[in-house]
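The values are calculated or read from the model by the stated rules, or taken from the named source; none is laboratory data. What you are looking at is a predicted structure, and each value in this text was computed from that prediction instead of being measured. As a convention, Cβ positions derive from the backbone with ideal geometry for all residues, glycine included, and neighbour counts pool all protein chains shown.
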Amino acid sequence: MRGVRLDADYVLSRNWESLFHPRVAPALGVDLDLLDAHTARMRQLGYRAGGASRSALTWALARLALWRGDPDTTTVSHDELLEFGELIRGYCRRPDAGFIRASLVHGARSGQDPQVLADQFGKACRARLHTLHVLLFNIDQVAAPPRRDLRRDDLWREQLVPPGTAPGLAAPIERWLALRLHSSDRAGSVRQARDAFRYLLRWLATTCPEVTSLDQLTREHLETYLGWLHDYLNPRSGQPLAVQTRYTYLSPLLQFFRETSDWGWDGVPARRLLSRSDLPKLPVRLPRYIPRDQLDPLMAAVEQLPDPYQRTALLLLRWSGARRGEIARLTLDCLDAYPDGHPRLRIPVGKTYTERSVPLHPEAANALRELIAHVRGTETVAWQDHTAEATVQFVFVRRGQPLGRHFLFTDPLATACKQVGLIDSRGRATVTAHRFRHTVGTQLAEGGARIQTIMAILGHSNAQMSAYYSKVSDPVVKEQYEQIIAAGGRVAGPAAEAVLTNRLDAETVYWLKTNYLKTELELGHCLRLPQEGPCECDLYLRCTKFFTTSDYIPRLRARLAVEQQLVQDAVERGWAREVERHGTVLDRLRDLLTKLGGLDEQTD
């Protein structure tokens, strides 16, 4: 067999497992002892002890040996695994799909569509090749980590613009995207930017074919494109693009035109064609925490999950406030303790490119400690953490490779939600994994935690993000509500109706929460925003921002008495205009006291 390479199609079309028969293998130079060692290593990595893992190995090794013309499997390289994976795809794309025998596909039915059969066969073959890749990576035979489809993750970078794009359009865009890839931008962000340019380039090709260079673009072109994007219907759903989607498609364009014009690039517009005002206004929503009556039964269901990886992942999600990607990338040295012995979790570099340590609930710490001990026993090799730019050993690794977020979070959470009835009319879970993070932030705000504490635990880069949780449950606002409204107190003034019916805009509410106690006047409070300027003398009594409560009845009565004296004095002096002015204030004070229930015959 050595030195004789066989065609891949011929190798894939036949059964070659007999190559590893004890009476055949020695004559062909196949090392059965090495196969036994490989099988034992796979069991250590977490594969089942049955014959499935050994069968996957023999399938892949036999066909690679025949295709390579070399029975020595210790020389199989990563490039050969990639190439053979592409040959499997080509084999299954052959027009004569009926060549694949149903007996070669597990679970195939007689009379099944030939193309479906070919797809199932190709998927099974690539899965076996992937299993071999996992093994070779964990025994340090190949340096590149295994991927499910055995293709490079950065394959999309080879085509940054649609085929056939004019060079004058493509060159500056490709140059700018390449620069972003070389910076600290994540590949996912650059890929979103690429998709944003694709929308623009396809629109130009259809609507403005005469534009062959970016420096031909004008503000009028971009205004027309903004209108088209606003009215564009998604062909899959038949609905207009969501506001967030349009923002995602326009934001990279704004950055591109701003930076390239500032840098003085050739072939691009000399001035910025877009501004921040062109971006859709995104609604600011409050974090959606999980209410206590839903959280408690949900966590009880989570604790009953049979898979330790899924159970631990959701417990960490509940108690740490970390993001899903941060939990999935925890390393074996992530757990330690404070000086008093309370568990502490080190969360890896994530969205904000900073590590952080947070306190951890003992229940989650115990589950994590057991999982770390189990993973250490598998002796998996280190993986490259591209976000942290370091070689690390992950906690959530099974069968020699990191577990995906769908397995760790989405699947078990859907199971737990169905168990406790947290599903919608279509049977989908109503609780998402990210809501656990919002729940931690809300509970911190409810407990009176400082903004700096919320920032440190959730890993926020600015205080505004953490302040959103104070909007959900602000202890000061709750206290004022209980003192004034919930306790039966009355309110009066032009702004009272807006307060009672919750018709204050978001900006006013935020300013009120942070400045209410600072704006106390003689007879109440003022809700004027800073940009509106201060109240002028007695004008606040007629101002729509004025707000007072029952607590101010004594002051209002005293002021009423003063105004009555001033009116009497003005009458005696014959000052008609002063009588009118003080009379107006007097009527306003009587109206406020009437609404507050503080006007009696004596004060009147």
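Modelled with pLDDT of 95 or more and farther than 30 Å from residue 505 by Cα: which single residue out of 313, 270 fits that description? Explain how you work it out, then say what you get.
Details: 270 fails: modelled with pLDDT of 95 or more.
Only one candidate passes the filter, namely 313.
Hey, among 97, 127, 144, 118, which residue is under 17 Å from residue 10 (Cα atoms), among the aliphatic types (A, V, I, L, M) and at pLDDT 75 or above?
Details: 97 fails: at pLDDT 75 or above; 127 fails: under 17 Å from residue 10 (Cα atoms); 144 fails: under 17 Å from residue 10 (Cα atoms).
When all the criteria are applied, what remains is 118.
With respect to residue 413, determine if the residue is farther than 26 Å from residue 333 by Cβ, in contact (Cβ under 8 Å) with a residue 12 or more places away in the chain, assigned to a helix (DSSP H, G or I) and in contact with a Leu (Cβ under 7 Å, 6 or more places away or on another chain).
Values: farther than 26 Å from residue 333 by Cβ: yes; in contact (Cβ under 8 Å) with a residue 12 or more places away in the chain: yes; assigned to a helix (DSSP H, G or I): yes; in contact with a Leu (Cβ under 7 Å, 6 or more places away or on another chain): yes.
Criteria met by residue 413.
Limited to the range 392-410, what total is found for residues that are more than 15 Å from residue 330 (Cβ to Cβ), outside any helix (DSSP H, G or I) and among the polar types (S, T, N, Q)?
Result for the range 392-410: 1.
Kindly indicate which of 254, 298 is closer than 25 Å to residue 179 by Cα, touching a residue at least 12 places away in the same chain (Cβ under 8 Å), surrounded by 11 or more Cβ atoms within 10 Å (Cβ to Cβ) and not basic (Lys, Arg). Break it down stepwise before answering.
Values: 298 fails: closer than 25 Å to residue 179 by Cα.
Answer to the check: 254.
Condition (residue is assigned to a helix (DSSP H, G or I) and touching a residue at least 24 places away in the same chain (Cβ under 8 Å)) applied to the range 594-604: is it met by at least one residue? Write out each step before concluding.
Restricting attention to the range 594-604, the residues satisfying the condition of being assigned to a helix (DSSP H, G or I) are 594-596.
Right, trim to touching a residue at least 24 places away in the same chain (Cβ under 8 Å) and you get 595-596.
Looking for residues that are assigned to a helix (DSSP H, G or I) and touching a residue at least 24 places away in the same chain (Cβ under 8 Å), one finds at least one in the range 594-604, hence yes.
Suppose we filter 397, 420, 392 for residues that are modelled with pLDDT under 90 and not polar (S, T, N, Q); which single one remains? Reasoning before the result, please.
Details: 397 fails: modelled with pLDDT under 90; 420 fails: modelled with pLDDT under 90.
One residue alone meets the criteria, 392.
Which one of 288, 258, 311, 344 is among the basic types (Lys, Arg) and part of a loop (DSSP other than H, G, I, E, B)?
On the way: 258 fails: part of a loop (DSSP other than H, G, I, E, B); 311 fails: part of a loop (DSSP other than H, G, I, E, B); 344 fails: part of a loop (DSSP other than H, G, I, E, B).
Every option except 288 fails the conditions.
Quick check on the range 50-58. Is at least one of its residues assigned to a helix (DSSP H, G or I), touching a residue at least 60 places away in the same chain (Cβ under 8 Å) and of a type outside the set (S, T, N, Q)?
yes
Listed here are the residues, each with its yes/no results for (1) aliphatic (A, V, I, L, M); (2) assigned to a loop (DSSP other than H, G, I, E, B); (3) over 20 Å from the mean Cα position of the chain (by Cα).
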position	(1), (2), (3)
327	yes, no, no
333	no, yes, yes
340	no, yes, yes
350	no, yes, no
369	no, no, yes
374	no, no, yes
377	no, no, yes
380	no, yes, yes
388	yes, yes, no
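Answer yes or no: is there a residue in the range 245-254 that is charged (D, E, K, R) and in a loop (DSSP other than H, G, I, E, B). Give the derivation first.
The first filter runs over the range 245-254 and keeps only residues charged (D, E, K, R), leaving 246.
In the following step, the residues that additionally are in a loop (DSSP other than H, G, I, E, B) were identified as none.
Scanning the range 245-254 turns up no residue that is charged (D, E, K, R) and in a loop (DSSP other than H, G, I, E, B).
Give the residues of the range 432-472 that are of a type in the set (D, E, K, R) and crowded, with 16+ Cβ neighbours inside 10 Å, sorted by residue number. Explain how you work it out, then say what you get.
Of the range 432-472, the ones of a type in the set (D, E, K, R) are 435, 437, 446, 450, 471.
Listed by number, the residues that qualify are 435, 437, 446, 471.
If residue 35 meets every condition in (1) more than 15 Å from residue 56 (Cβ to Cβ); (2) in a helix (DSSP H, G or I) apart from one, which number is that one?
(1)
Return the total of residues in the range 384-404 being in contact (Cβ under 8 Å) with a residue 24 or more places away in the chain and crowded, with 16+ Cβ neighbours inside 10 Å.
Counting residues in the range 384-404 that are in contact (Cβ under 8 Å) with a residue 24 or more places away in the chain and crowded, with 16+ Cβ neighbours inside 10 Å gives 12.
Quick check on residue 54: is it surrounded by 13 or more Cβ atoms within 10 Å (Cβ to Cβ), modelled with pLDDT under 85 and not β-branched (Val, Ile, Thr)? Walk me through it before giving the result.
Values: surrounded by 13 or more Cβ atoms within 10 Å (Cβ to Cβ): yes; modelled with pLDDT under 85: yes; not β-branched (Val, Ile, Thr): yes.
Here the answer is yes, as residue 54 does meet what is asked.
Here is a check on your reading of the model: is residue 509 within 30 Å of residue 285 (Cα to Cα), outside any loop (DSSP other than H, G, I, E, B), β-branched (Val, Ile, Thr) and at pLDDT below 85?
On the way: within 30 Å of residue 285 (Cα to Cα): yes; outside any loop (DSSP other than H, G, I, E, B): yes; β-branched (Val, Ile, Thr): yes; at pLDDT below 85: yes.
Spelling it out, residue 509 is indeed within 30 Å of residue 285 (Cα to Cα), outside any loop (DSSP other than H, G, I, E, B), β-branched (Val, Ile, Thr) and at pLDDT below 85.
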